[in-house]
Every structure is written in C-alpha cells, then in structure tokens.
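J.: My structure is below; once you've seen it, I'll send some questions.
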Number of protein chains: 8
Amino acid sequence: MCAKKALQKPLVGIIMGSKSDLEIMREVCIVLDSFNIPYEMNILSAHRTPEQTSAYAKGAEKKGLKVLIAGAGCAAHLAGVITSHSILPVIGVPINASPLNGLDALLSTVQMPGGMPVATVSIGKAGAKNAAILAVEILATGDKAIRPKLRRYRARLSKAVLDSGKDIH
Amino acid sequence: MCAKKALQKPLVGIIMGSKSDLEIMREVCIVLDSFNIPYEMNILSAHRTPEQTSAYAKGAEKKGLKVLIAGAGCAAHLAGVITSHSILPVIGVPINASPLNGLDALLSTVQMPGGMPVATVSIGKAGAKNAAILAVEILATGDKAIRPKLRRYRARLSKAVLDSGKDIH
Amino acid sequence: MCAKKALQKPLVGIIMGSKSDLEIMREVCIVLDSFNIPYEMNILSAHRTPEQTSAYAKGAEKKGLKVLIAGAGCAAHLAGVITSHSILPVIGVPINASPLNGLDALLSTVQMPGGMPVATVSIGKAGAKNAAILAVEILATGDKAIRPKLRRYRARLSKAVLDSGKDIH
Amino acid sequence: MCAKKALQKPLVGIIMGSKSDLEIMREVCIVLDSFNIPYEMNILSAHRTPEQTSAYAKGAEKKGLKVLIAGAGCAAHLAGVITSHSILPVIGVPINASPLNGLDALLSTVQMPGGMPVATVSIGKAGAKNAAILAVEILATGDKAIRPKLRRYRARLSKAVLDSGKDIH
Amino acid sequence: MCAKKALQKPLVGIIMGSKSDLEIMREVCIVLDSFNIPYEMNILSAHRTPEQTSAYAKGAEKKGLKVLIAGAGCAAHLAGVITSHSILPVIGVPINASPLNGLDALLSTVQMPGGMPVATVSIGKAGAKNAAILAVEILATGDKAIRPKLRRYRARLSKAVLDSGKDIH
Amino acid sequence: MCAKKALQKPLVGIIMGSKSDLEIMREVCIVLDSFNIPYEMNILSAHRTPEQTSAYAKGAEKKGLKVLIAGAGCAAHLAGVITSHSILPVIGVPINASPLNGLDALLSTVQMPGGMPVATVSIGKAGAKNAAILAVEILATGDKAIRPKLRRYRARLSKAVLDSGKDIH
Amino acid sequence: MCAKKALQKPLVGIIMGSKSDLEIMREVCIVLDSFNIPYEMNILSAHRTPEQTSAYAKGAEKKGLKVLIAGAGCAAHLAGVITSHSILPVIGVPINASPLNGLDALLSTVQMPGGMPVATVSIGKAGAKNAAILAVEILATGDKAIRPKLRRYRARLSKAVLDSGKDIH
Amino acid sequence: MCAKKALQKPLVGIIMGSKSDLEIMREVCIVLDSFNIPYEMNILSAHRTPEQTSAYAKGAEKKGLKVLIAGAGCAAHLAGVITSHSILPVIGVPINASPLNGLDALLSTVQMPGGMPVATVSIGKAGAKNAAILAVEILATGDKAIRPKLRRYRARLSKAVLDSGKDIH
C-alpha cells in the first residue's frame, strides 16, 4: 500500500473509480514516493459518487493541488468529469477492466471534445507509472529543483536497460 | 426543425452534447411527434456545461419527465453523467463525430460499470430513431393507450418493407 | 441459483441463449430479488428454438410481463429476434462467449436497424447487473413506489465506494 | 435491375433486409443470370417482417429452392434467422450499411453458435458476387452439368487478369 | 481422435494447416461421424506444402469429394488457396491461433475477392461444428435422404436447449 | 497561418512530422494566440530528420520552452522520440493520416512504455485544440496569472453551448 | 505509367493482384526508376491465376530477380503465396481495397506462420513507396554501389522536411 | 539462451527494447544458429537509451552488419528509430506486451511514413522466427551459398507438416 504523506501538503491528487483499480494505481504512488512528491489518494466514482467527485474536482485547486490523476476502466468517464470541474491538468489512466482489454477505457478517456483535454497515458500499469512521471514533469515546469531528479530517474532507466543487456552476452 | 410541444407537459427529455448533433437527434423528435408524445430538447454538454447538465438531470424526475435521451459523440460521457444524477431510464445515442466512426462513442456510452445502466442504441440516425421508439415502449409499460400506436407503427414498418419488395419483381 | 418467484406474477422475463450464459445472467436475478421484483427465467435460443422463442416473445405482453431481458453471445441475435415479436422494451446483454471478447455480441445486439430498438447494456456481468437496474428504472416510470428503492440502491452504491476509500488511508 | 426468371422454377432464393441493399445484391442476379440459374428475389426483414421471413424460410425447401442467399447490414440477423427455420444451406452477405464499415454486419453474420451455420462471404459487392458463385458451386455438387460452366467462369476470370496485365507493358 | 472411414469413399475432404489445429478440427469429424458421412482428413499447409496443397485441391473433384473444409489460423490462406484450385464449395474455419484472437484468421478467410468464394463460418470450435453441418446441408441439396437426419439434428439441438432450461426452475 | 510571436520568448514548442499536418496543428496556434502564450512552430520528422529532431528536443529546456506539443500520423513516433530526449512534458496529437482513421497514430502515441510518458489527446482537430489548452493548464500550474484566462475560456465554451441551445426552441 | 526497363535484366519483380492496384503500385516504379533499378511488373492473382502465380514465383530466382514485391487488397494472399514458392525476400504491400480500410489486407499479409516471412510495409501508397526503398536496401546489402544513392535519397527526404518548415515562419 | 557467435564477425544485429522481450526474440537466435549466421544481440530502448540506440544504428553498417532486427512491444518505436539512422534493411518484430494483444505494436511498427520502411513480420514468436528467415533470405540475395540451406529449411518445414499428418490416419 502507498504511504500517506501526512506532513506535507499534497501536490498531486490521485483518484480512481473503484478499489479494484488500486492494484494498478499504486504504481503512481511508488513513483511519486521515489520523487518525494506529496500526494493524496481517493476512491471516487464518476457515476456512483457524482456529487463527491465534482466537489473534489472543484476544490482541488484551492486545496493547493497542482495536478490530478484519474484512473478508471470500462466507459471511463472519471478523468473527463474531473476535467469538466477543474482547470488543473488532468491525467487519465485507462484501466483494463472489461473483456475489451482496455480499448473501451482508452477511447473513453482520450477522445475528449475540443477544449476539454485529458492527458491520456498508456493502458494499465505502464500508464500508472507514466501518469506519475508526467505529473512530476508538469510540477517541474514551475519548480526547477525537480528537474535534476527527473534526469537522474531517466539515467537510472537507461542504466537498467543497458545493465539488463550485459548478462545476455 | 422539431416542433416545440408547448401545451403538453413533456414526458421525454432529449439532450445532446453539441448543436452539430442536431442533424442526427432530430430523428428522435420526428418519431415522438408521430406518436404525439410531448418532449423537450436541450443542448447540454457533460464537459462544457457540467453544472447545467447535472442540474437538468437532477430536476428531470420532479419536472415530470419519464425518460431521458442523450446523444453525444467522441468520448461520449453525456448519457453516463445524466445517469449518475437521475434514476429515470437514460437512453444513449452514440454519434459518429470523430475519425473513429462512432466506435469511441459506442464504447463510451455502453460500457457503463455495474449498477449504472445506459440503454444504448445503434450509432447515428438509426440509433436516434431507435431511442425514440424505445422511449415510447417504456412509456407504454405504464400507459396501455400507447400500445396500439406501437403496433400500428410496427405494421407500417412491415408494410413498407413488403411494399418495397413489390417493384423489384 | 436464482430463487423462483412462485407467488407473484412475474413482471420481467429473462431469457438467455444457452445454459452457459447462466453464470452471467444470474446477476440479473440477484438484483431483481433485492428489489423484490418478480421475474421468470428461461433458456431460449434465437437459432435453436426459433418457434419457442417467437412464441415466448409474442405472448410476453399478454402474460403481464413489462420488460424483457435477453442475454446472448457470439452473433447475439436473441434480443433482436425478441424485439421483432414484441412491443415491450427489450434489454440486450452482450455476453463474452467467443474469442472476440464480446465485441461480436455487442455489435450484434446494439446495431439494430431504425425502428427496432434493443436497449443494450455493457458486456458480461456488469451488463447483467445493469440490465436488471434498467428494468427496475423502467418499471418505476409507471410505479412510483419503486423509486425510493432505486434511490436507496444508489445510496448504497455510493456509500460502498466512499467506504472502500477509507481503508486506503 | 435483375431479370425475373418467370419460366423456370427458381433454385436460389435471394432475400435482403432493405431495398437499399439492392444495389449490392443485384451482383448476385448478374452472376446467376450468366449461369442461367433460375432464382427469385424478395425483400424481407428479420426484424420488421419476422412472420413473413420465417414463413419464407420454412417454405423454401418445399418450394424447390436449393440454396438461400441473405444480404443484410448493421446487426445483420437475417441470414441467421433464415438458418433457424431451414435446413437449406444459407449464404450470408454482410452489407456495409453503418458507420462501422460492415464490421458489425460481418460479425453478426459469421459468428453463429455451434450447429447453426451461415456460409459467410466478403463484405459488400465482392461478397454478393461470391455468394452467387458459392450457390452455383453448391448446386454443382448435385448437378454435374453445371461444372463445366464453373470452369469456364474461372477461365474467364483468369484470362481477364492476364489480359489486364498486357497493357501495363 | 476421429475415426478413419475406411470402407466408404469420402465425400468431404477436411484439411488443416497444422497439427495444432486438430483440437479444433476434430469437431468436424465428430459431427460428420454422427451423420455417417464419410470423410478424409489431411494436414496440408498453404505455405509450407504448397505443391501438395494445390495437388490435393486439383484432385479433389475427380476423387469424388463433394465439399472441402479448410481450417487455418493467423494469415489463414489455406481455404483461399484451395478455392483457387477447385470448383468444389470450400468452407473456411478461422482458427484462433495468434495474439489477435482469430480476427486475423477471420478476415484472411472471409474477405475473398469477387468470384472466388470461401464459405466462412465462426472462429474456433463453434465454427468447426458449423463447417460440418454446412457440409451436410450442401450434400443434402443433392441427396434427399440426408434431410431427415438434418431435421433430427435440429430437433436434438432444440430439445437440448429446452431441457437445459428445465432445471433452472 | 499562425502568427509568429517574434517579440516574446516562446514557452511552447510545437512540432509536426509533415507539412500536411499543418491544417490540423494550426488549431494549436489559434488557441495559444487567444491566450497570448508565445510559441514557436517547426516541422521535424522522427524518421526523416532524426538528428534535427533529437537536437531540438535536447535543446528545448535550455531555450526556455516549458511544454512541447508533437503532432504526427501513421506510426506516430514523433512525440515518443521527443520524450526520449527531454524531461519537459510532451503532448502528443495523433493525426488521422492513413486509411486506418488515426487508430494507428493513437496507439503509436499513447501506448508508451513505463517511465516515458506522452500526454496524449484526441485524434485530429479536437486533439490539436486540446493540446493547446492542456499546455496552458500546465503553464498555469506555475503561473497563477493564467488561471483566470482559463476560467474565462471555460465560461465562453459553456456560454456557447447554452446559446446554441436557445435557437432550437 | 511506369517505364519498362527493357535493356537491363530486372532485379525486382513487382506483382499485383488486380489492375485496380496499379494506382498504388506505380509508386514502386517511380522510386525504383529514381534509383535506376531495373524491374518488371505483372498482374497476377493468388486466386484467379494460381498456376501463373506459382510458376512466376518458382521461376523468379532463376530469372535473376533478387527481390519480389506483391501488392494486394482484401484477403491479401498474394505475398504469402509467392513466399510459399520462392526463397527470395518477398515484400507485401497491403492495399486498402475493401470497406475495412485495409485492416483485412494488413492482417492477411503480415500474420504469416513461423518460417514463411512476408516483409510487410504500410497500407497503401506510403507502403508502395516503402516497398521500393526496402527492395533497394536489400539489393544494397550485396551491392555497395547503391548505398550512396540511399544516403542521397535520405538526405533529400530530410531536406524536403526542413525546407517545408521554412515557409511556415 | 542464445549462444554468442564470438569468432565470426556478426552479419545480423538483433536488438530488443526490454529484457522481457528476450523470451520471444531468442527464436531469432535459434534460427540464425541453425543457419550458422553470425549475429550479435543487444538490449536497447528507443525511449530509455535513445543515444545508445541511435549510435548503434549509425555504426551498424560500418561494423559490417548487413541486416538489423528490432523487437518491441506497446508503442513499438524501436524499429522505426533504427531505420531513421541506418540504410540497412530493418526488420520489425511486433511483440504482444500490452493488454491490446500486440495490435499497438503491429501498427506502431508497420505504418511507417513513405520513404522509411520497416519490414514488419507477424506478432510474437512466429514473427521472431520469420524475422530470422527473412534476414537469411536477404543475406542470400548477395551470397548464393546460403540458398541451398534455405531450400533445405523449407524442405524440412514441408516434411514436418506431411509427417505430422501421417499419425492422424
């Protein structure tokens, strides 16, 4: 389970439509923890808790959140609904939770009408990880101190690939 | 353009996400007019007018509406968002409004999570017509006077098919 | 297995194309039971028992049924065939029963021609649950006593989501 | 328009779901005419004229028809419904009549459950032509006199390809 | 394993592209055995044994075969290649043998160009069963003695569905 | 054509893979112009000008750019290649430039491996508009002065929807 | 129309399944002409001229051809059939010639079983151009004199992109 | 694990985007080993090690490599990026590594823009095997000594198919 960053004011708000999405979405926490970015995490459904979801989205900016990350499967409306209530950048993680292998969640998340963007990342775990990095990149546009950490993260990714190739010799 | 049923209290609420959907959605009016079912029609967007959309959905039951029909394209969240705010039956018409030929709208409309149904009909004009008939069928479950009209409509459809086959001899 | 509502006249007719669909379709019973809506359930195939299927559909209205729910996989014609013989609202549940993951069942169910609607819900178990709720919503358009139950159901769904989020803190 | 073979008892029954399918389905007539195979053609809809459609299918064998060809678009149930009422070989032509480019018609036609085959051919005009040739091949299994005609047809196709390549030199 | 019909001249030629298709294709034998239709079965690949495959197809008619059934996966060219060398009806069974779930095999089998039909049936086991029944239906167009068997087969299918519904009461 | 913001240091770098993408990508400029966000625009191909593309990506941060927007069609690698050379947030616009209607561009853009995000928006013009708004939202996380403009933009979108509904009465 | 290279022994054999593919396939000639690579071009169908097609494939190596390029649409078996009769590298160009937008041709061409490769390129005109360049690259593996031409071709592509970007300033 | 060909100068360069692709890509080694073709194998990512990847591609020709094989999943840019830096023939193996079953990798690999070919083979293990054979075929265009080996390989494939059919009698 992701650690609760109790002492710092969260900068990233992570929400997901169902507790079953947690297995995927904890990748977001793992990455944000590694960057020491404070976040908060909630389960809120576009359809089952519409009032709480829109209240959360409307209050996000005032609370000091800078980026929102929404993970959902099936007809994944969560990121779009959050977007409709906030001018913060909203990152959507399509989750593979139906027989259609996440194609439904991908199209429901990415094909937003003009003027209402959702920054969509890949389906599933890779997407959850990417959502976290994208959030860090966005925070880094306004906070230069984060940039060296991103460069180190990239260097580690790069080294891991090169190292993994060594023992195939 | 669809005639405004001013004198009767509307039973069906038709909404669409954009005025460009009107070409498709006027099929709904044409059918409801032919059944003399009073309706009202509004343009409301899940994303661009979230407050008005949820207010509309929340007020629909009290206003006396019995069925809601929502048409939208792309990441078509409109029917789902309406559903999240009303216990009336919500019919979703996926509209072919992006390069993906309506597959995005279909999956965004139909793949709702458990407990939050959208009664989805076919993509485009056939779907708009079907939404209207489905609404009439739903109204007829509580109003037996409508049933003979549905039977006559069916008989007309049937006759039209059979007649169209005559001149191919 | 779903309990047989012997003492009440059924309001909802559930049919499925094959006994193998029962695992999915029992979700319909579970929900209808929780609403105390009497129903009947039959296995009838569009292709293997066409006479019994059309006889069932033609007799449904007279028998007092108000809504029909048809679940089928592959080239899922069952809901469409039922629709062709009844003016009751027909809800189609596409079942994931072939290598194509239910895309075949979804398109075969939803893409009905103009004038012959099938109210299509999501693929598989979520769809079976949604079919039941949609049936209840339809019944509630003519029976106001059902409406508070629907509101309580929604409230329970909502509470379940919110509760599930508590222990991620 | 296809010529009506009045003087010979038809061997092939061609049906289509809507007059708008005629542009595609007349390819069937053109090929059958060239083989001098008598046929009859009707417009019958699985959904709009279910009684006439099943009556037609049930009477086809007694009337002396040997093969049935059914063309339909969207949720193309026509060939499957015909199959459910007849033990004659049924050939299905998926017609591209919706925004989904005929993928819906293809899957609705071909993905029949075990024991109820539809001999499905390609989408659209090529499929209509292929349905006719397949019907001739089927008739030829019981009538050797047709076989040389099929060989000549093949030889003509072959020659046409080779000739078309001459003037690209 | 399917029994070899040694004493009767085979009427149906079954071929498949790889031994791994046998699990699916033995459904064909099971059905043909139940109809007492003699058949022969071979493994022949469109790509790996092109000479033997075309020799087989060219010799099929003379050998007395009436119908050919070809099962293949991936870029399933087998049925098409057989068709190019024989005027017998060729039935294609698309086999789900790649990560694309048989969509590749379906499109490669069914989308034949005009004039060269493959009678395509459903993907996988249901398709193998359907190929066998379609072959029997084709043989029955020239042999009326088979027709009552087809009717009994249908009656058994029908009874099985109805019986399966009894114990859900 | 988009106006060149000569006097201000650009904050957004727009690139596209081919001049034929300009018709779509000028939507980005129109929106950025309306927000008075300075930008620069270049045509750079992941495959045809790999050196210039990576040089551009590597130099983007130092040059003061805060967000990069890359539009490409077909096997749309441009946004991914840019991402591999920069820690700035990269927004990908999939462009419908092949017979596959942009599905190829969408999957090539969004399905990035873990750790290398591309913020993907909708296919085509709606996506280009959304890329611009997303860029503005990202800039606004570090520059509070932009936020009221975003709120006014939203209000205008909302008003346009509501106004468009007035004349359908 | 492509010029016939009469005086040089052809190194590349171009075939296509139908004259209607010529509009696409002439892109191959244009590129090969620009490299001064002699080629020959024929119309041969996997299904309509199977004997000539296999004879061509079998004779290709002896005739001195080094690479074969096959363009076909629908259930595009041509490249696969050529491969089954020759050990020369075979390049397949999927052609968009059916309502399915070339997806059928792509899957039929690329999804070859293990051991029988088709070097598949993009759908349509871009693919025809790529087939030609790939053929030149293959020839260049054995003929170093071609390599500088490939480098110049790349340089021209690169320059064209950069030049096209100049006048957007 | 594949044996390292230490004593011969490698002719084929195999790269893959991640060590998890090795299970698939070792099929390439197995085939090349059986042909005694020396090769080298590296793990290099288009996105995580862009510098090393482009350096590898740029140096490949000088090092004496004749053909490059790149395997990658998801938004599979590796083969395309290699192509952008080398005029050697590049073979792309789409790997099934995401919920979309390799459709994303296939489209990202094959749909290259005009002038920049990737010779794409089938998804997964069959593709890895095909990439190796295609590489051998390409090498054989310049080295006639390899051709008999290819013919023997084909003969073995053919014999294996025919043998496998013997024990189904």
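J.: For the stretch H:1-76, with only Lys/Arg (+1) and Asp/Glu (-1) charged at the beta-carbon, what is the dipole magnitude about the Cα centre, in debye rounded to 20?
T.: Dipole about the Cα centre, nearest 20: 280 debye.
J.: Test of understanding: in a Gaussian network model of chain H with alpha carbons linked when under 10 Å, which of H:Thr53, H:Thr109, H:Thr141 would top the mean-square fluctuation ranking?
T.: H:Thr141
J.: With n ≥ 4 as the cut-off for DSSP H runs, can you work out [θ] at 222 nm for the protein assembly as shown, using -39500 (n - 2.57) per run divided by the number of residues, rounded to the nearest 500? Don't skip to the answer; put the middle values down first.
T.: On the way: 48 runs with 616 residues, N = 1352.
Mean residue ellipticity at 222 nm (helix-derived): -14500 deg cm²/dmol.
J.: What are the ³J(HN,Hα) couplings of the stretch H:108-122, residue after residue, when phi is run through the Karplus curve with 6.51, -1.76, 1.60 and θ = phi - 60°? Round to Hz, x for glycine and proline.
T.: In residue order, the calculated couplings are 5, 8, 8, 7, 5, x, x, x, 10, x, 10, 7, 8, 10, 5 Hz.
J.: Next question. Can you give the FRET efficiency to the nearest 0.05 for G:Asp33 and B:Lys58, using r as the Cβ-Cβ distance and R₀ = 41 Å?
T.: Details: r = 69 Å, r/R0 = 1.67.
So the FRET efficiency works out to roughly 0.05.
J.: Can you work out the Karplus-derived ³J(HN,Hα) for every residue in the stretch E:51-56? Use 6.51 cos²θ - 1.76 cosθ + 1.60 with θ = phi - 60°, whole Hz, and x for glycine or proline.
T.: Values, residue by residue: 5, 5, 5, 6, 4, 4 Hz.
J.: What's the magnitude of the charge dipole for chain E around its Cα centre, counting Lys and Arg as +1 and Asp and Glu as -1 at the beta-carbon? Answer in Debye, nearest 20. Provide the component values of the computation, followed by the final result.
T.: Numbers: 21 positive and 12 negative charges, 143 e Å.
In debye, rounded to 20, chain E gives about 680.
J.: Right, something else. Please compute the Kirkwood hydrodynamic radius of the stretch G:80-169 from all pairs of different C-alpha atoms, in Å with one decimal. Working shown, then result.
T.: On the way: mean 1/r = 0.0659 Å⁻¹.
15.2 Å is the Kirkwood radius here.
J.: Relative contact order (percent) for the stretch B:74-169, with alpha-carbon contacts under 8 angstrom and 6 or more residues of separation? Present the calculation step by step, with values, prior to reporting the outcome.
T.: On the way: 106 pairs, mean separation 22.4, N = 96.
23 percent.
J.: Let me ask something else about it. Enter the mean number of other protein chain beta carbons within 10 Å of the beta carbon of each residue in A:47-57, as an integer.
T.: Working: counts 17, 14, 9, 12, 5, 4, 2, 6, 0, 0, 1.
Mean partner shielding for this stretch: 6.
J.: Follow-up. Using a 10 Å cut-off around each Cβ of peptide B:89-99, what is the average number of partner chain Cβ atoms that fall inside?
T.: Details: counts 11, 2, 3, 3, 0, 2, 1, 3, 4, 12, 17.
That works out to 5 on average.
J.: Using R₀ = 35 Å, calculate the FRET efficiency as 1/(1 + (r/R₀)^6) where r is the Cβ-Cβ separation of G:Arg151 and E:Glu23; round to 0.05.
T.: Computed FRET efficiency for G:Arg151 and E:Glu23 comes out at 0.10.
J.: Turning to a different aspect of this structure: Could you count how many Lys pairs in the stretch C:44-169 have their Cα atoms under 25 Å apart, skipping same-chain pairs fewer than 8 positions apart?
T.: 15
J.: Under the rule of at least 5 residues apart or a separate chain, name every residue whose amide H is placed under 5 Å from the amide H of F:His85.
T.: Under 5 Å from the amide H of F:His85 lies no amide H from a residue far enough along the sequence or on another chain.
J.: Could you tell me what fraction of 2.2 N^0.38 Å the Cα radius of gyration of the stretch E:1-87 comes to, as a two-decimal ratio? Can you show the working numbers first?
T.: Numbers: Rg = 12.3 Å, N = 87, 2.2 N^0.38 = 12.0 Å.
So the Cα radius of gyration is 1.02 times the expected 2.2 N^0.38 Å.
J.: To continue, here is another question. Could you check which residue among D:Asn36, D:Asn96, D:Asn130 shows the biggest mean-square fluctuation in a GNM of chain D with a 10 Å Cα cutoff?
T.: Its mean-square fluctuation being the largest, the pick is D:Asn36.
J.: Across peptide A:77-86, what mean number of C-beta atoms from other chains lies inside 10 Å of a residue's C-beta? Write down the numbers at each step before the final one.
T.: Numbers: counts 14, 1, 2, 10, 8, 0, 6, 13, 5, 3.
So the per-residue partner count for this stretch is 6.
J.: Then there is this: For the stretch G:73-83, in order, what is each residue's ³J(HN,Hα) by Karplus, 6.51 cos²θ - 1.76 cosθ + 1.60 with θ = phi - 60°, in whole Hz (x at glycine and Pro)?
T.: For the stretch G:73-83, the Karplus curve yields x, 6, 6, 7, 9, 4, 4, x, 5, 4, 4 Hz.
J.: Take chain E, connect every pair of alpha-carbon atoms lying under 10 Å apart with a spring to form a Gaussian network, then pick out the residue of E:Ala145, E:Ala97, E:Ala76 with the largest mean-square fluctuation.
T.: Highest fluctuation among the options: E:Ala145.
J.: As I understand it, the value is the acute angle between the Cα axis of helix F:125-142 and the longest principal axis of the Cα atoms of chain F; what does it come to in degrees, rounded to 10?
T.: Orientation of helix F:125-142: about 90 degrees from the principal axis.
J.: List the residues, sorted by chain then number, that are 5 or more residues from C:Gly71 or on another chain and whose placed amide H is less than 5 Å from its amide H.
T.: C:Ile15, C:Met16, C:Gly17, C:Val93
J.: Still on this model: With 10 Å bins from zero, work out the P(r) of the protein assembly as shown over every alpha carbon pair and list the percent per bin.
T.: Bins of 10 Å from zero give 2, 9, 17, 21, 21, 17, 10, 3, 0, 0 percent of pairs.
J.: Angle between the Cα long axis of helix D:147-166 and the longest principal axis of chain D, 0 to 90 degrees, nearest 10?
T.: Compared with the principal axis, the helix lies near 60 degrees.
J.: Taking the Cα centre of chain G as the origin and placing charges on Cβ (Lys, Arg +1; Asp, Glu -1), which of G:Val136, G:Ala126, G:Pro99 is farthest toward the positive end of the dipole?
T.: Farthest along the dipole direction, towards plus: G:Val136.
J.: Starting from a Cα-only point model with no solvent, please compute log10 I(q)/I(0) by Debye for chain E at q = 0.11, 0.14, 0.18 1/Å.
T.: Cα-only, vacuum Debye calculation for chain E: -0.44, -0.70, -1.10.
J.: Measuring from the axis that superposes chain D on chain E, report the chain D residue with the minimal C-beta distance, rounded to whole Å.
T.: D:Gly142, 1
J.: While we're looking at this one, here's another question. Name the residues whose placed amide hydrogens come within less than 5 Å of the amide hydrogen of B:Met41, ignoring near sequence neighbours (fewer than 5 apart) on the same chain.
T.: Distant-sequence amide H within range of B:Met41: B:Ile14.
J.: While we're on this one: Of the trypsin sites (Lys or Arg not before Pro) in the stretch E:1-101, which ones lie in a loop per DSSP and count no more than 15 other C-beta atoms within 10 Å? Don't jump to the answer; show the numbers that get you there.
T.: Details: sites: E:Lys4, E:Lys5, E:Lys19, E:Arg26, E:Arg48, E:Lys58, E:Lys62, E:Lys63, E:Lys66; in loops: E:Lys4, E:Lys5, E:Arg48, E:Lys62, E:Lys63, E:Lys66.
Answer in residue order: E:Lys4, E:Lys62, E:Lys63.
J.: With an 8 Å Cα cut-off and a minimum separation of 6 or more residues, compute the relative contact order for the stretch D:15-118 in percent. Could you put the intermediate results ahead of the total?
T.: Numbers: 163 pairs, mean separation 26.3, N = 104.
This gives 25 percent for the stretch D:15-118.
Since every read-out is calculated from the coordinates, none of them should be taken as a lab result. The shown structure was predicted, so the numbers you read here are calculated from the model rather than taken from an experiment. Because the Cβ atoms are built from the backbone with ideal geometry, glycine has one as well, and the counts that use them run over all protein chains shown.
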